[in-house]
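> Would you mind keeping the following structure in view while I ask a few things?
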Amino acid sequence: MADRNSRVSVKKKEKKVESKVNDEKEKEKVKEKTVKKPEKPAKKPEKPPEKPPEQPKAGEEKTNGEGEGAAGAEAKSSEENGEFQPIELPPFEIVTGEQMSPFYFKFQFRNVEYSSGRNKTLLCYRVDAAEGSAEPLKGYMEDEHATAHAEEAFFQQVLPNPSQECEVTWYVSSSPCAACAAKLTTILQQRKKLHLCIFCSRLFDWDQPEIVEGLKALAGAGCKLRMMKPCDFLHVWETYVEKEEESFAPWEDCQENYNYYVEKLMEILK
């Protein structure tokens, strides 16, 4: 009997242990159910693919103020595609006349040391025929872009006759570049009856070796190179500018800048 009772008690203990384990498993299941899983972030709605810009049909004119030219449209399209293409400049031209605007004169002729933004050459000229046989020829020239400069264009448009004997005086906003200095040197060597005097407001890239050599060769060919004094600016204003009733007063550092450039020109030509 004792053995039977002991076996019964052992079985009861085993059942209690099993029931305890089962209870713990049920609790774990309940916990798993109650714990919420993190929600997945909502996906952003995908943008529909952009349609390529429609190209105008051949022969179809733009309306409603669409004023971009072909070159501008191509450049804009190229920029959007990450490609950059040079934009065509307008055709080259030389502007000529008897008098220039006061704004052009005051800006382009100012004898500052650093000529930022002053990318034109304004050339005022006076041509005196030999022995004063005719009235002096006066005017000014203004170049655009870099196809040909005003110095070269002068001998193409104003003084094309190589056999003409005359004295030419220039008042230029900037001294000749290396290429123009070389061309002027050749012209002076070929036209023995031509005498040229150039008054410069500024010296262009005076510290560059090719410019130095070009100005030296030009002076060696007989050209008189001078810097514009305050009185020379006044003379240009009175002769070549549409001043109307406006008067001219030299800017504050005009004399000081003249002295600076005279010293540099002397160093070049020594």
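The values are calculated or read from the model by the stated rules, or taken from the named source; none is laboratory data. Note that this is a predicted model, so its numbers are computed, not measured. We place every Cβ from the backbone using ideal geometry, glycine too, and count neighbours over all the protein chains shown. With ligands, DNA and RNA removed, areas are computed over all heavy atoms of the protein, side chains included. Shrake-Rupley method; radii C 1.70, N 1.55, O 1.52, S 1.80 Å.
> Averaging over all projection directions, find the projected area of the Cα convex hull of the stretch 137-197 and quote it in nm² with one decimal place. Mind showing how you got there, number by number?
Details: hull surface 16.7 nm².
For the stretch 137-197, averaging the hull's shadow over all directions gives 4.2 nm².
> Suppose R0 equals 35 Å; then what is the FRET efficiency for Glu165 and Phe107 from their Cβ-Cβ distance, rounded to the nearest 0.05? Don't jump to the answer; show the numbers that get you there.
On the way: r = 36 Å, r/R0 = 1.03.
FRET efficiency, Glu165 to Phe107: 0.45.
> Can you tell me the order of 214-223, 175-184, 254-263 when each peptide is scored by its average per-residue count of other Cβ atoms within 10 angstrom, highest first?
Working: 214-223: 18.8, 175-184: 21.0, 254-263: 15.0.
Order by mean packing, descending: 175-184, 214-223, 254-263.
> Compare the Cα positions of Thr169, Val236, Pro250 along the charge dipole of the stretch 155-256 (+1 at Cβ of Lys, Arg; -1 at Cβ of Asp, Glu; about the Cα centre) and return the one farthest towards the positive end.
Thr169
> Top to bottom by accessible area (1.4 Å), largest first, where do Ser174, Ser101 land? Working shown, then result.
Numbers: Ser174 15, Ser101 45 Å².
So, going from the largest accessible area down, we get Ser101, Ser174.
> Can you tell me the relative contact order of the stretch 118-265? Whole percent, Cα pairs under 8 Å, sequence separation 6 or more.
Working: 215 pairs, mean separation 30.0, N = 148.
Taking the mean separation of contacting Cα pairs over the length of the stretch 118-265, I get 20 percent.
> Quick check: with the 1.4 Å probe, what order do Ile187, Ile211 take by accessible area, largest first? Display every interim value, and only then the final one.
Details: Ile187 35, Ile211 10 Å².
Solvent-accessible surface, decreasing: Ile187, Ile211.
> Ignoring ligands, DNA and RNA, how do His195, His235, His149 rank by accessible area with a 1.4 Å probe, largest first?
Working: His195 100, His235 75, His149 55 Å².
Largest accessible area first, the residues go His195, His235, His149.
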